[in-house]
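Colleague: Quick one: this structure, given as structure tokens, is what I'll be asking you about.
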Amino acid sequence: MTWRDAIALARRSVGRRGGRAALTVLAVALGAALLSSLLIAGEAARQRVLDQVSAGGPLAGIKVEAAAPSPVALDTDNPPAGPPRAIDDTALRRISKLRDVATVVPVLATPMLVLPPSSLPPAAHSTANATEPMFSSVVGVDLARAGDVPVSVIAGRLPVPSSRTEVTVTLDYLQRIGVTKANAAGVLGTELSM
């Protein structure tokens, strides 16, 4: 059998069973499209995780709460927290000695009433009433170890480690006062009362 005979035989077979051939071509095209979409979705998810890690997003660190899980909640994926326990220097040393733990940086958070400035500079381009008091969490961290904390600076700089009058605000604060990320530099130098 020559190549010409094989092609002629294939052409006759496709001609007799055109529906089967069309469905086969459609199935191959659909399979290729699904495989391509899965590869694209996987790459997009991977890129999103890497973007969050590099921008100090929630995937950049592990948060350890000062509480013990309730032993009666072992059959759930989201158990309620048990009674609080202190995370002291001994606990920090134990955590830092775990395999694959690069660093441990204590973070303190406390609720506080924050009074934004009475007016924002024109460069801030606020779209909301920025003078309303707000309850927020104020977070403290050893800024001498700022390189170990998943933080990205959008505008300005981090406070000097020994400063008692400088704060860094988050994107949440900017949203509450109606300032976009692009206009974040407009709030630099403003004064907050806490």
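The values are calculated or read from the model by the stated rules, or taken from the named source; none is laboratory data. Because the structure is predicted, anything quoted here is derived from the model rather than measured. Every residue, glycine among them, receives a Cβ derived from its backbone with ideal geometry; neighbour counts consider all protein chains shown. Only protein heavy atoms, including side chains, enter the accessible area calculation; ligands, DNA and RNA are left aside. Shrake-Rupley method; radii C 1.70, N 1.55, O 1.52, S 1.80 Å.
Colleague: Condition (residue is within 26 Å of L50 (Cβ to Cβ), outside any loop (DSSP other than H, G, I, E, B) and in contact (Cβ under 8 Å) with a residue 12 or more places away in the chain) applied to the stretch 127-135: is it met by at least one residue?
Modeller: Of all residues in the stretch 127-135, those within 26 Å of L50 (Cβ to Cβ) come to none.
No, the stretch 127-135 has no match at all.
Rundown of residues vs (1) open to solvent by less than 60 Å² (accessible area, probe 1.4 Å); (2) of a type in the set (S, T, Y); (3) modelled with pLDDT of 85 or more, yes/no style:
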{"site": "G31", "(1), (2), (3)": "yes, no, yes"}
{"site": "S54", "(1), (2), (3)": "no, yes, no"}
{"site": "G61", "(1), (2), (3)": "yes, no, no"}
{"site": "V64", "(1), (2), (3)": "no, no, no"}
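Conditions (1) open to solvent by less than 70 Å² (accessible area, probe 1.4 Å); (2) among the aliphatic types (A, V, I, L, M); (3) touching a strand residue (DSSP E or B) at 6+ places or on another chain (Cβ under 7 Å); (4) not in a loop (DSSP other than H, G, I, E, B), marked per residue:
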residue	(1), (2), (3), (4)
G156	yes, no, no, no
P161	no, no, no, no
T165	no, no, no, no
A184	yes, yes, no, yes
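Colleague: Just give me the residues in the stretch 95-122 being under 27 Å from the mean Cα position of the chain (by Cα), not in a loop (DSSP other than H, G, I, E, B) and not hydroxyl-bearing (S, T, Y), in sequence order.
Modeller: Within the stretch 95-122, the subset under 27 Å from the mean Cα position of the chain (by Cα) is 95-114, 116.
Then keep just the ones that are not in a loop (DSSP other than H, G, I, E, B); that gives 95-96, 107-114.
Across the stretch 95-122, the qualifying residues are I95, V107, L108, A109, P111, M112, L113, V114.
Colleague: Six or more apart or on different chains, Cβ under 9 Å: which pairs go from a residue in the stretch 84-101 that's farther than 17 Å from D148 by Cβ to one that's acidic (D, E) and part of a loop (DSSP other than H, G, I, E, B)? Could you list them?
Modeller: Partner pairs satisfying both residue conditions: P84/E65.
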